[in-house]
Every structure is written in structure tokens, then in C-alpha cells.
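J.: Once you've had a glance at the structure underneath, I'll fire off some questions.
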Amino acid sequence: MRLVAAVASITFAASTWATGAWLTDAWAADYEPSDFPTLRGSTPYVPAPTRHVNWGGLYGGGQVGYGASSMDFSKAGRSINAFDPNVTLTAPFLSVSNWVSLGTDTSKAPTYGAFIGYNWQFDDLILGFEANYNHTNLFGSATDRKCYNTPVVTGCGAAITLGDGNDYNATVTATASMRITDYGTARLRAGWVVDNLLPYAMIGLAVGRAEISRYATATGTPTGAGTPFTRTEGTFNSSMLTWGYSAGLGADWLIYRDVFVRAEYEFVKFLLVSDFRSQIHNGRLGLGVKF
């Protein structure tokens with residue numbers, strides 16, 4: 001009897017312990033630690049604050065790139081001032097602008113320069129202003145011709161009688177050219193921080209320094225009496241400023257603390273100035289520092 005009673009006691013104690021353990025696990029599954037009040041003197045869980053990469057402040061750097069330009073000379077012919085009516089021999093050629101028709105030309109050249117700017121940061125939003133300078137050597141030109149010949153050649157007129165009273169077989173070549181040597185942009189930027197990457201868009205004003213030429217050259221050979229000649233009139237390498245606007249996309253990548261690399265594309269459009277018009281597509285790589 002004593003043995004039976006001892007076995008019964010042990011069985012009851014085991015059942016009670018198992019039931020208690022099961023209830024404890026069940027209650028633990030129904031409640032999270034945050035459901036219980038924080039005990040006095042303990043430290044509650046506080047989420048870590050959102051981390052933003054700092055892009056704010058002053059920055060600057062250098063850049064290299066490659067540009068492709070398109071130059072429009074369709075209106076440049078009207079301002080080729082040739083030939084001077086006071087020069088007796090060539091005065092009969094009259095104004096080149098009466099017949100000249102000039103087209104467009106394209107050019108490609110390396111670019112290099114520098115940039116400096118300032119960013120204002122609002123969490124992940126970046127707003128900024130930047131001044132950007134580029135030196136290059138983009139050159140384009142366009143020509144048109146008119147000829148006089150006896151016997152008449154296809155596309156030419158008859159020999160022309162010039163100011164000395166003699167007939168000449170002659171060719172008049174009209175040329176307009178443009179060389180862009182420098183340009184800069186003052187632009188607004190807007191970007192969004194993605195970890196260490198800052199993709200951005202920009203828009204701004206542009207100014208370029210260009211050298212323009214527009215002239216005509218006449219060459220003539222007498223059909224009888226007279227003297228062969230070559231005469232050129234017009235404007236050569238006149239320096240001017242050309243104005244326009246710019247827009248583009250790019251990305252800065254922070255590679256070490258305050259050092260970043262840059263890749264961007266920029267489109268620059270110069271408006272009609274002194275009868276010349278041009279535009280530039282430019283791809284660039286740069287290296288910059290945040291101060």
C-alpha cells in the first residue's frame with residue numbers, strides 16, 4: 001500500500017508540473033514583451049534614429065569630358081559684308097547676302113574645367129546651387145559658292161564684267177565659322193540621397209566665349225585683257241559672348257568621407273547672337289571634395 005501511494009504521489013506531481021509548463025508557454029505565446037509595463041529602473045526599447053548621409057555645405061572639384069556641338073549658320077550669310085562698293089574692281093559682285101545659303105556643321109572636342117557649389121539638405125532631399133566652367137575647342141564652319149564662266153559651265157553664270165571693264169571667269173566663296181573656346185553655367189540642382197549616392201537634375205543659365213568669322217573670297221581670271229586677282233572681305237576671329245541655358249542629369253558618389261566622384265550629362269543651348277546659333281552635348285567625369 002505504501003508503494004502504491006508513493007507512485008500515485010509522484011504521478012500527480014509530474015502531471016501538475018507539465019500542466020504548469022504548458023500554460024506558461026501558452027501565455028508567453030499570447031503576449032509580447034511590449035505588452036507588459038516597464039519596471040521602474042529598467043530601460044525601455046528606443047528605435048534608432050534614421051541615418052542620413054551628410055551632403056550639405058560647400059563643395060568643389062575638377063572635371064574632364066567630351067563635347068559634341070552643332071552650329072547653325074543659316075542666318076550668318078546675311079551679315080557677310082562683301083563686296084565693298086567703293087572697291088571699283090570687285091563692286092560688281094554686289095552683296096553676298098543676296099544669294100548665299102549656309103547650313104550647319106558639327107564638331108567634337110575634349111573639355112576640362114572645374115565646379116563649385118553649395119547644398120542645402122532636408123533629410124534625404126538636396127537643393128543646391130553650382131557654378132560650372134569648361135574649356136574646350138569646338139569649331140564648325142559652312143560655305144557656299146557662286147561662279148561665273150565662259151563658256152558657261154553647269155551651275156555657273158556667264159563671265160562677269162568687273163570694274164576695270166574686262167570680262168572674268170570668277171568664283172566667289174562665302175564662309176562663316178565659329179569656335180567655342182570656353183563656356184560656363186550657373187545652375188540649380190535638386191537631388192535625393194540614396195545611401196552614398198546622390199542622383200540629381202539641374203537647370204540653369206549658360207554663357208560662352210566664341211570667335212566668329214564671316215567673309216567672302218573672290219578669285220578671277222580674265223577671259224581676255226585684265227589681271228588675275230584674289231580678294232577677301234569680311235570679319236575674322238571676332239570675339240563675342242553668346243548666351244543661353246543648360247539642363248542635365250548626373251550623380252555624385254561619396255567614396256570616402258568628404259570625397260566624391262561624379263558622372264553627368266549636360267545639354268547647353270546658345271540662342272541666336274550676331275546671327276550665329278549653337279548647342280553642345282557634354283558628358284563629364286569629375287572628382288570633388290565637401291568642405
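The values are calculated or read from the model by the stated rules, or taken from the named source; none is laboratory data. The structure displayed is predicted, hence computed values, not measured ones. Here Cβ is always computed from backbone atoms with ideal geometry, including for glycine, and neighbour counts include all displayed protein chains. Side chains are part of the model used for accessible areas, which takes the heavy atoms of the whole protein and leaves out ligands, DNA and RNA. Shrake-Rupley method; radii C 1.70, N 1.55, O 1.52, S 1.80 Å.
J.: Could we say that Asp252 is among the acidic types (Asp, Glu) and closer than 30 Å to Val100 by Cα here? Let's see the steps before the verdict.
T.: On the way: among the acidic types (Asp, Glu): yes; closer than 30 Å to Val100 by Cα: no.
So Asp252 does not fit the description; no.
J.: When region 238-291 is examined, which residues are found to be among the aromatic types (Phe, Trp, Tyr), closer than 27 Å to Tyr59 by Cβ and open to solvent by less than 50 Å² (accessible area, probe 1.4 Å)? Quick ask: steps written out before the conclusion?
T.: Kept after step one, since they are among the aromatic types (Phe, Trp, Tyr), are these residues of region 238-291: 243, 245, 253, 256, 260, 265, 267, 270, 276, 291.
With closer than 27 Å to Tyr59 by Cβ added as a condition, the list becomes 243, 245, 253, 256, 260, 265, 267, 291.
Correct list: Phe260, Phe267.
J.: Taking region 146-168 as the search range and keeping residues that are of a type in the set (D, E, K, R) and in a strand (DSSP E or B), which one is farthest from Ala216 (Cα to Cα)? So that I can check it myself, show each step before the final result.
T.: Residues of region 146-168 that are of a type in the set (D, E, K, R), as a first pass: 146, 164, 167.
Still in the list and also in a strand (DSSP E or B): 146, 167.
Working: Lys146: 11, Asp167: 20 Å.
Looking at the filtered set, the residue picked out is Asp167.
Per-residue answers, yes or no, for (1) under 29 Å from Lys146 (Cβ atoms); (2) modelled with pLDDT under 95:
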position: Pro199; (1), (2): no, no
position: Gly224; (1), (2): yes, yes
position: Pro228; (1), (2): yes, no
position: Val261; (1), (2): no, no
position: Ser274; (1), (2): yes, yes
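Rundown of residues vs (1) open to solvent by 70 Å² or more (accessible area, probe 1.4 Å); (2) in contact with a helix residue (DSSP H, G or I) (Cβ under 6 Å, 6 or more places away or on another chain); (3) touching a residue at least 40 places away in the same chain (Cβ under 8 Å); (4) part of a loop (DSSP other than H, G, I, E, B), yes/no style:
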{"residue": "Ala170", "(1), (2), (3), (4)": "no, no, yes, no"}
{"residue": "Ala174", "(1), (2), (3), (4)": "no, yes, yes, no"}
{"residue": "Ile180", "(1), (2), (3), (4)": "no, no, yes, no"}
{"residue": "Leu188", "(1), (2), (3), (4)": "yes, no, yes, no"}
{"residue": "Leu205", "(1), (2), (3), (4)": "yes, no, yes, no"}
{"residue": "Ile212", "(1), (2), (3), (4)": "no, no, yes, no"}
{"residue": "Tyr215", "(1), (2), (3), (4)": "no, no, yes, no"}
{"residue": "Gly226", "(1), (2), (3), (4)": "no, no, yes, yes"}
{"residue": "Phe236", "(1), (2), (3), (4)": "yes, no, no, no"}
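J.: Which residue is farthest from Pro222 (Cα to Cα), if the candidates are limited to region 98-139 and must be surrounded by fewer than 16 Cβ atoms within 10 Å (Cβ to Cβ) and touching a helix residue (DSSP H, G or I) at 6+ places or on another chain (Cβ under 9 Å)?
T.: Ser101
J.: Looking at Ala142, Ala82, can you tell me which residue is open to solvent by less than 50 Å² (accessible area, probe 1.4 Å) and part of a strand (DSSP E or B)? So that I can check it myself, show each step before the final result.
T.: Working: Ala82 fails: part of a strand (DSSP E or B).
Just a single option satisfies the conditions, and that option is Ala142.
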